[in-house]
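Right, one structure below, let's go through it.
Computed from the coordinates by the stated procedures, all read-outs in this text should not be read as laboratory data. None of the values given here were measured: they were computed from a predicted structure. Every residue, glycine as well, gets a Cβ built from its backbone with ideal geometry; the counts of neighbours run over all protein chains shown.
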Amino acid sequence: MAIKNLKYQSPGIDEETRFEKLHSITFENSERGSNLIAREICDLVKSKQKKNKNCVIGFATGSSPAKVYQELIRIHNDESLSFSNVIAFNLDEYFPIKKDDSNSYHHFMNENLFDHIDIPKENINIPSGEIKEKEVKKFCDFYENKIIENGGIDIQLLGIGRTGHIGFNEPGSHFNSTTRLITLDHTTRFDASKNFNGIENVPTKAMTMGVRTIFNSKRIIIMAWGVQKSLIVKKSVENNISSLIPSTYLQNHKNATLVLDNESSSELTRFRTPWLVGPCNWSALMKRKAIVWLCSITKKSILKLTDEDYNKNGLSDLLALEGSSYGLNIKMFNHFQNTITGWPGGKPGADDSTRPERKSPSSKRVLIFSPHPDDDVISMGGTFDRLVSQGHEVHIAYQSSGNVAVSDHDALKFIEVSKDMFPDELGVNIKKLVKELKDKKSGKVDSLEVRKLKGFIRKSEATAATRYIGIPDSNTHFMNLPFYETGRIKKKPASKKDILITASLIKKIKPHQIYAAGDLEDPHGTHKVCLDILFNALDSLEGEKFIKNCWLWLYRGAWLEWDIHDIDMAVPMSPAQVLRKRNAIFFHQTQKDGVMFQGQDLREFWVRAEERNNETAKKYKKMGLADYAAIESFKRYYF
């Protein structure tokens, strides 16, 4: 990575960034960006120490700064950096909420940073969610004045909410706003609902630094990670300043930098349509991307695109490179046509030179990894069914138990049925479990017994679905990876044990094909952890002979689909196959109605899966390709 620091530069000063009004830097992943943010903070702390001065830092909460705080702790421990001269001011806090509540920002900061470094307790300032509402105005004035008395904030960390909020400054916040009590936007409360076990438990108000308070900071670093932030990032960087998107206010700050990863920056013009901002490196992928975009804006199929279409829409360089629209159109049409196959395991005896998969061996061993016990049928149920019906040896590996996603009322329903059917055999533990489920308070972690019960429920649903598809029970593997088993939304870091369990299963089956979830939009992060574990397991098997003949295909889950230009294999489904997929999803009853971790999409999983598959088919049709009821898509990953 060429970028050595996050030094501010005026946005839009070169052709590539001419659409941008807020300085932004993109890294391959959030780890690299977070480490540089942490390093800038530490450099400032040290420079202040040399001058015998305090360093005033504004801290943020949530998933965005988590890796920054991990790196600060590492530097404190490994490089003996003291934070004794730091004065901390946190951005916000829910109201009302007790400090020791697991969802309070007091708890978050202590757990993720303050308990692990030597910042004096008297130097820590966090808005209070425990005071009486009539005292809030006085407290906010005190908080604001205390920041000023300490010389103002030297460096302020921020995340960006889906509404464009910074701190809890929701849409409509005035630029001159200071620390105050605000009413939370519904979207903000909805996004927090997974941590509170339901939106009804999320506080309706919060105390937050104001826009002006934040803007007065000498240095501002904003973080946004993941594709779920890509649209609000584009608006924050390229739109005009508007109170409806508070993050746009930062465009006028003279020392504000937005730090992104590849996914969160993907909608910026220079990445989404780089041919519009300057010379373009016309790789095969970039050509496909441009043609899909051109079909979309001209509303034409590939073979109807003309020289004029290319020239009028900023693609004259591509046309000059290829010679004519006629030849380029045919080449692109053939590429997309060749991604379509009804034989995801390869077609025996066929010419496979232009097919996505090899024809040999004709009967393959296939291993499908599913992060939760329903991602397999939700994401690739049609392909799954096709692989089984075409005679391949298909194995399913459920990486986590999924127990945290079973609601208490569902668990209670199952256990009460068992109690009534077998009153004598089940013993007194049943009464204990029923009492725990009935008396459970919001935020309380399930006991080990309840977690086991909920895991058994998910296991029975998954087994019923795989039997419906035609998988023998011996080919269904419940891995129960240890990282997941915390009973909370927050999981443990992946360990060597997780990797060893995964590698052992792969080595046992010796698959020719592996399918895995490449959908990192999962709202509680399990998909990414599972994918990283798989990558590490495959790396550990590099010397194995069978691994050289193993291909890895990534599917996307309930929240996201591959862009058309990224698809390497498109598996069409007939109306009958769509129905079979729906029926397989229905076996997961606890995840059907009122699912606990819905994400940003309120549709049921089977509905969003069908509509997503149907939309992919429509996109293929609009480009002049065959008309199917639905298409599941995959991207090949080379390891």
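Can you pull the one-decimal nm distance between simple spin-label points at Lys48 and Met286, each 7 Å off the Cα toward Cβ? Simple spin-label model gives 4.3 nm for this pair.
When the helix-only estimate is applied to the chain (DSSP H runs of n ≥ 4, each -39,500 (n - 2.57), divided by the residue count), what is the mean residue ellipticity at 222 nm, nearest 500 deg cm²/dmol?
On the way: 20 runs with 245 residues, N = 639.
One gets -12000 deg cm²/dmol as the mean residue ellipticity at 222 nm.
If the viscosity is 1.567 mPa s and the temperature 4 °C, what translational diffusion coefficient in µm²/s does Stokes-Einstein give for segment 446-540 when Rh comes from Kirkwood over Cα pairs? Intermediate values should be presented prior to the final figure.
Details: Rh = 14.8 Å.
The estimated diffusion coefficient comes to 87 µm²/s.
Candidate cross-link partners of Lys492 among the aspartates and glutamates, defined by an alpha-carbon separation under 14 Å and a same-chain spacing of 8 or more, comprise Glu111, Asp532.
With r as the distance between the Cβ atoms of Ser360 and Ile297 and R0 = 56 Å, compute the FRET efficiency 1/(1 + (r/R0)^6) and round to 0.05. Don't jump to the answer; show the numbers that get you there.
Values: r = 42 Å, r/R0 = 0.75.
My answer for the efficiency is 0.85.
Just report the Cα centroid separation between segment 345-419 and segment 176-219, whole Å. About 40 Å separates the Cα centre of segment 345-419 from the one of segment 176-219. A simple rule links phi to the HN-Hα coupling: the Karplus curve 6.51 cos²θ - 1.76 cosθ + 1.60 with θ = phi - 60°, which for segment 65-80 gives x, 4, 6, 4, 5, 4, 6, 4, 5, 4, 5, 4, 7, 8, 10, 6 Hz, with x for Gly and Pro. Across segment 275-284, coupling constants 3J(HN,Hα) worked out from phi with the 6.51/-1.76/1.60 Karplus curve, θ = phi - 60°, read 5, 8, 10, x, x, 10, 7, 7, 6, 4 Hz, and Gly and Pro carry x. In summary, the lysines within cross-link reach of Lys459, defined as a Cα separation below 21 angstrom excluding same-chain residues under 8 places away, comprise Lys413, Lys419, Lys491, Lys581, Lys592. Based on Cα atoms of segment 4-154, Rg over Rh with Rh as the Kirkwood radius reads 1.01.
Can you give me the Cα centroid spacing of segment 305-329 and segment 220-255 in angstrom? Their Cα centres are 34 Å away from one another.
Kindly identify segment 280-339 as rounded, prolate or oblate by the Cα gyration tensor criterion: order the square roots of the eigenvalues as a ≥ b ≥ c, call it rounded if a/c is under 1.5, otherwise compare a/b with b/c, prolate if a/b is larger, else oblate. Cα axes put segment 280-339 in the rounded bin. So which aspartates and glutamates pass the test for Lys548, namely a Cα distance under 18 Å, with those fewer than 8 places away in the same chain ruled out? The reachable aspartates and glutamates, counting only those whose Cα sits under 18 Å from Lys548, are Glu357, Asp539.
So how much slack lies between Asp539 and Leu181, counting 0.36 nm per residue of separation and subtracting their Cα-Cα distance, in nm?
Values: separation 358, 0.36 × 358 = 128.88 nm, distance 5.05 nm.
The span from Asp539 to Leu181 would gain 123.8 nm if fully extended.
Rounded to the nearest Hz, the phi-derived 3J(HN,Hα) couplings of segment 225-241 under the Karplus curve 6.51 cos²θ - 1.76 cosθ + 1.60 (θ = phi - 60°) are 10, x, 5, 5, 9, 5, 6, 6, 4, 4, 5, 5, 8, 10, 6, 6, 5, where x marks glycine and proline. Full extension of the segment from Asn311 to Ala626, taken as 0.36 nm per residue of separation minus the current Cα-Cα distance, would add 110.6 nm.
Taking 35 Å as R0, compute the FRET efficiency from the Cβ-Cβ separation of Ser102 and Lys134 and round it to 0.05. Don't jump to the answer; show the numbers that get you there.
Values: r = 27 Å, r/R0 = 0.78.
Step by step, r from the Cβ atoms, then E = 0.80.
The alpha carbon centroids of segment 18-67 and segment 110-149 are separated by 21 Å. So which trypsin sites (Lys or Arg not before Pro) in segment 69-178 end up in coil per DSSP with only 14 or fewer other C-beta atoms within 10 Å? Here the sparse-neighbourhood loop sites are Lys98, Lys99, Lys132.
Within the chain, DSSP assigns beta bridges of which about 30% are antiparallel (rounded to the nearest 5).
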